[in-house]
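Below is the structure I would like to discuss, written out as C-alpha cells.
The values are calculated or read from the model by the stated rules, or taken from the named source; none is laboratory data. Worth saying up front: this structure is predicted, and the values here are computed from it rather than measured. No Cβ is skipped: glycine too gets one built from the backbone with ideal geometry, and neighbour counts run over all protein chains shown.
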Amino acid sequence: MRAQLNQRGLSTPDLHELAPADAGIFREQMLDLTRKNPHAASVHVYDEHEYAAMRLLVTDDGKAGVALKDDEVVSVYAHRDCAYPRAARAMLRHATELGGRRLDCFDTVLPDLYADAGFVPVARLRWNDDYAPDGWDYDRFGAFNGGRPDVVFMAYDRNQVGGTYTPGAGPYVEDYDDGITRARNHR
C-alpha cells in the first residue's frame, strides 16, 4: 500500500495512537484546524470526553490524525503545515485496517477523498436548515447544492479501494438514523 501511495506522490506516515488521557491534544488540533480553515464548519469536533472513548491516531508531529469511534471513521484532519503532505489518504487506509467501516460527510469535496480509500455511498439525506452546523456559511459552500449539500453515508468496500465518487450516488433516506443503519448493514 505504501508503495502505491508513494507512486501517487502521497505521504505514508507512521501513525501513533494517543492514550485516552491525551484526548485534549487531539481535540485541540481539530479546533486549531477549524480556526484556520474556512470550510471547517463541515467537520464536527467532539468533546474531549468523547474523544477519550475513541482510538486516536496521529502523525509524529500531531498535525494530521484520524479517530475511530467503534467502526466509524471520524475527525480526519491534516494541517497545511503538516510534515506529511496529503497524508489523509494513507490515514484512511490505516483506519480501515483497524476496523473503520463507515462514515458520513457533507457532499462537498470529502466524498472524493473517502471513495479513494474504498468507501462507497450507500445512502444520502437531504440538507435541512434546522440542522445546519454552527458557523455554516451558505455562500462559502455555494458550489455544493447552493450551500445546502446532502449528507452522504458511506461504507467501506475493500474491492473499491482507489475508486471514485459519483456525485448524487446513493438512495435517499428519511432520517439520519436510517443512513447510519444502511452504512452499518452494508456488505
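Of (1) free of Cβ contacts under 8 Å to residues at least 24 places away in the same chain; (2) aliphatic (A, V, I, L, M); (3) not in a helix (DSSP H, G or I), V74 satisfies all except one. Which?
Tallying (1) free of Cβ contacts under 8 Å to residues at least 24 places away in the same chain; (2) aliphatic (A, V, I, L, M); (3) not in a helix (DSSP H, G or I), V74 fails exactly one: (1).
Quick check on my filter: what residues within segment 17-33 are under 18 Å from D81 (Cβ atoms) and in contact (Cβ under 8 Å) with a residue 12 or more places away in the chain?
Within segment 17-33, I25, F26, Q29, M30, L31, D32, L33 qualify.
Among the numbered conditions (1) of a type outside the set (A, V, I, L, M); (2) at pLDDT 95 or above; (3) in a loop (DSSP other than H, G, I, E, B); (4) surrounded by fewer than 18 Cβ atoms within 10 Å (Cβ to Cβ), tell me where H44 comes up short.
Of the numbered conditions (1) of a type outside the set (A, V, I, L, M); (2) at pLDDT 95 or above; (3) in a loop (DSSP other than H, G, I, E, B); (4) surrounded by fewer than 18 Cβ atoms within 10 Å (Cβ to Cβ), the odd one out for H44 is (2).
Now a separate question. Is it the case, given these coordinates, that A95 is under 13 Å from L15 (Cα atoms), assigned to a helix (DSSP H, G or I), touching a Pro at 6+ places or on another chain (Cβ under 9 Å) and of a type in the set (A, V, I, L, M)?
When the stated conditions are applied, A95 does not pass them.
Can you work out which of the residues in segment 101-149 that are under 13 Å from the mean Cα position of the chain (by Cα) and part of a loop (DSSP other than H, G, I, E, B) is surrounded by the fewest Cβ atoms within 10 Å (Cβ to Cβ)?
V109
So the check is Cβ under 6 Å with 6+ separation or different chains; which pairs have a first residue in segment 166-180 that's within 11 Å of V122 (Cβ to Cβ) and a second one that's not in a loop (DSSP other than H, G, I, E, B) and not hydrophobic (A, V, I, L, M, F, W, C)?
A169/P121; G170/P121; G170/R124; V173/G179
Might you let me know whether segment 5-26 holds any residue that is under 27 Å from P149 (Cβ atoms), modelled with pLDDT of 95 or more and not assigned by TED's automatic domain parsing to the domain that holds N185?
yes
Let me ask another. Being under 14 Å from the mean Cα position of the chain (by Cα) and closer than 28 Å to V120 by Cβ: is that true of R55 here?
Spelling it out, it is not the case that R55 is under 14 Å from the mean Cα position of the chain (by Cα) and closer than 28 Å to V120 by Cβ.
A follow-up question, please. If I go through segment 155-187 residue by residue, how many of them are among the β-branched types (V, I, T) and in a loop (DSSP other than H, G, I, E, B)?
Count: 4.
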